[in-house]
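Please read the structure below before turning to the comments.
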Amino acid sequence: MTKRIGILTSGGDCAGLNATIRAAARRAHLGYGWTTVGLRYGTLGLLQRPVDAIIIDPNRLEPSLARQGGTFLGSTNRGDPFAFPMPDGSRKDRSGEMLEGLRSLELDGLIGVGGDGSLDILRRLLAPSGLPFIGIPKTIDNDVTNTERAVGYSTAVAIATEALDRLQPTGASHERVMVLEVMGRDAGHIAIAAAIAGGADVALIPEVRWHLDRVVAHIAQLRAGGRTSALVIVAEAAGQSDEAPDVRGEAPGPSIGESLALRLMKATGAEARATVLGHVQRGAMPTAEDRLLAAAFGVRAVDLLAEGKGDRMVGWWNRQVIDVPLEKVVGRSRTVDERGALVRTARALGICLGDAV
Ligand code: F6P
């Protein structure tokens, strides 16, 4: 039986989204002869009349699409259907309008590519419709539970690592402390992985309580050993685990990276510079790992719909593509395990995490 399935990308974009859409639409077409409808701008397109959606032409799913950053369907992280931001500043429940728009597409199933927040919203939105829904985890933050990897994380780590590679020589040339602030929302996955791969001296993450004095002591120790520069990586939410924020009374900088550079400059006497990497981490050509993950997830998501399944998320676990009930994913967030392999590896390499250990 010919079916029509929908796919949308929701939340902050990341590398590997186009590869995911391509894989799902190709599997639907080649494996089952199904049509894939791409919903535009996450759930926002569902508010348009007619609904903003396109039939994805299987002849246009060239391999080059898998290399492209961004998402050709568009995305949003500002359109909560249950508390939709209105022009006058109020919030309105527009879930009914969205569902009505969804029904007009006459779909037999929907694939949502998103982080845990987006998957939660989509699951709640679709509940009254009975439409089978499969989630694919994507986020540079890699904080989705029940999957070791989310699409986009590998690329973000590669970019953060490359940033450290580039900061090291300039830092060494000028005998500076170079501070790199990376994204990750409330988790330090990008920071800890890039710290190891890029040879940082210090890594500050929200999961490990840190104290400025310990960072200063570590830099002093490096100096005593003959080093004249230092590389510090800090996760955007690491301020949450700062044991003594603004302890010296200076005005906090506009970002944790900038304020940390100022504090280190005062405390060490060394020149310090901050780089806030920002959205650069989301915008690149995906790494091979992200393309592989995207391909495996896209195929499995369609296969699950073909098996008549719904309310599940695909994931990567122990070298396998798995699927888990969405209820085991939503409302939870996977942060860096303080006793896990990455933290232990970082410590073993002498990377200072700013704590007492
Ligand atoms: O969740 C992905 C992410 O890039 C976070 O790492 C970051 O905190 C946030 O989105 C940035 O959001 P925005 O694109 O709205 O600035």
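The values are calculated or read from the model by the stated rules, or taken from the named source; none is laboratory data. Remember, it's a predicted structure, so these values are computed and weren't measured experimentally. Glycine also receives a Cβ, built like all others from the backbone with ideal geometry; neighbour counts cover every protein chain displayed. All accessible areas refer to the heavy atoms of the entire protein, side chains included, with ligands and DNA or RNA removed. Shrake-Rupley method; radii C 1.70, N 1.55, O 1.52, S 1.80 Å.
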(request) Compare G269, G42, G171 in a GNM of the chain, Cα atoms joined below 10 Å, and give the one with the largest fluctuation. (result) G269
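Which whole-number percentage describes the relative contact order of the range 12-120, with Cα contacts under 8 Å and a sequence gap of 6 or more?
Taking the mean separation of contacting Cα pairs over the length of the range 12-120, I get 29 percent.
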(message) Just want to confirm a number: the relative contact order over the range 232-357, from Cα pairs under 8 angstrom separated by 6+ residues, in percent.
(response) 10
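Subtracting the Cα-Cα distance from 0.36 nm times the residue separation, let me have the gained length for W317 to S90 in nm, one decimal. Don't skip to the answer; put the middle values down first.
Numbers: separation 227, 0.36 × 227 = 81.72 nm, distance 4.17 nm.
Stretched out fully, the W317 to S90 stretch lengthens by 77.6 nm.
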(message) Taking amide H atoms as placed 1.01 Å from N in the peptide plane, list the residues 5 or more away in sequence, or in a different chain, whose amide H sits under 5 Å from that of L204.
(response) I233, V234, A235
(message) What is the distance in Å between the Cα centroid of the range 19-48 and that of the range 283-302?
(response) 15
(message) Once the convex hull of the alpha carbons of the range 226-341 is built, what does its volume come to per residue, in cubic angstrom?
(response) 198
(request) Considering only protein heavy atoms, with the full assembly of protein chains and a 1.4 angstrom probe, order H218, H29 by accessible area, largest first. (result) H29, H218
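Which of rounded, prolate, oblate describes the range 81-161, given a ≥ b ≥ c as roots of the alpha-carbon gyration tensor eigenvalues and a/c under 1.5 marking rounded, otherwise prolate only if a/b is larger than b/c?
Details: a/c = 2.79, a/b = 1.56, b/c = 1.80.
Oblate, because a/c is 1.5 or more while a/b does not exceed b/c.
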(request) May I ask you to list the trypsin sites (Lys or Arg not before Pro) in the range 296-326 that are in a DSSP loop and have at most 11 other Cβ atoms within 10 Å of their Cβ? (result) R319
(request) Using the Kirkwood radius over Cα pairs, work out the Stokes-Einstein diffusion coefficient for the chain at 10 °C and 1.306 mPa s, in µm²/s as a whole number. (result) 74
(request) Give me the distance between the Cα centres of the range 137-186 and the range 49-122, rounded to whole Å. (result) 28
(message) Under 10 Å, Cα contacts only: if you run a Gaussian network model on the chain, which one of R263, R49, R22 comes out with the highest mean-square fluctuation?
(response) R49
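Where Lys and Arg each count +1 and Asp and Glu each count -1, what net charge lies around R334 among other residues with Cβ under 15 Å from its Cβ?
Net local charge, R334 excluded: -3.
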(request) Leaving ligands, DNA and RNA out of it, work out the accessible area of T139 with a 1.4 Å probe and give it in Å² to the nearest 10. (result) 10
(request) Name the residues whose placed amide hydrogens come within less than 5 Å of the amide hydrogen of W316, ignoring near sequence neighbours (fewer than 5 apart) on the same chain. (result) E148, R149, I322
(message) Heavy atoms of the protein only, probe of 1.4 Å, neighbouring chains included. What is the accessible area of Y32 in Å², nearest 10?
(response) 80
(request) At most 16 other Cβ atoms within 10 Å and a DSSP loop assignment: could you name the GluC sites (Glu not before Pro) in the range 294-357 that fit? (result) E307, E338
